[in-house]
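Trainee: Could you have a look at this structure, given as structure tokens, before my questions?
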Amino acid sequence: MSSLIDAAEFVCDSIQANRVAHNARNELYHFLMAVNKHGLQAVVEETTRLLMSRGHSYLQASRMSIERATHMFEVANGTKTYQNVRNTLDNAQSNPAVHTARVDYDY
């Protein structure tokens, strides 16, 4: 029975990961299309305005918009960060970390 529950949990986790990946792919697409059409400076400035409308101060919003743009370019260029992190953590099984979170999103 335990293997059946494990299989069901794996399927649920895979479905959630696929949904998150789809959302990320869409966000990256829109970022790249906006930069292509309007330029990076305009995208960063508009992102700053959007984040300010969500309650962030100007300095926070500016920093966040630049960090987000930098991250999007890294993803678009194929820079692997979390694949390497996951591989390192998977290989350190002898000293497992305490698992405190799950990929749980409200869709």
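The values are calculated or read from the model by the stated rules, or taken from the named source; none is laboratory data. Bear in mind that the values here come from a model prediction, so they are computed numbers and not experimental data. For neighbour counting, all protein chains shown are included, and Cβ atoms are generated from backbone atoms with ideal geometry for every residue, glycine included.
Trainee: Limited to the stretch 32-49, what total is found for residues that are exposed (fewer than 12 other Cβ atoms within 10 Å of the Cβ) and either among the polar types (S, T, N, Q) or closer than 14 Å to Phe73 by Cα (or both)?
Mentor: So the count comes out to 4.
Trainee: If you don't mind, another one. Out of all the residues in the stretch 72-94, which are under 12 Å from the mean Cα position of the chain (by Cα) and of a type in the set (A, V, I, L, M)?
Mentor: Met72, Val75
Trainee: Enumerate the pairs (first residue in the stretch 70-81 and under 23 Å from Thr48 (Cα atoms); second residue anywhere and polar (S, T, N, Q) and modelled with pLDDT under 95) with beta-carbon separation below 6 Å, excluding pairs fewer than 6 apart on the same chain, so at least 6 apart or on different chains.
Mentor: none
Trainee: Can you pull out the residues in the stretch 50-71 that are farther than 27 Å from Tyr82 by Cβ and either under 20 Å from the mean Cα position of the chain (by Cα) or surrounded by 13 or more Cβ atoms within 10 Å (Cβ to Cβ) (or both)?
Mentor: Within the stretch 50-71, just Met52 meets the criteria.
Trainee: When the residues of the stretch 56-79 are narrowed to those that are part of a loop (DSSP other than H, G, I, E, B) and in contact with a helix residue (DSSP H, G or I) (Cβ under 9 Å, 6 or more places away or on another chain), which ends up nearest to Ala24 (Cα to Cα)? Please lay out each step first, then the result.
Mentor: First pass over the stretch 56-79, keeping only residues part of a loop (DSSP other than H, G, I, E, B): 56-57, 77-79.
The next check asks that each one be in contact with a helix residue (DSSP H, G or I) (Cβ under 9 Å, 6 or more places away or on another chain); those that pass are 56, 79.
Numbers: His56: 22, Thr79: 15 Å.
Step by step, filter the stretch 56-79, then rank; the result is Thr79.
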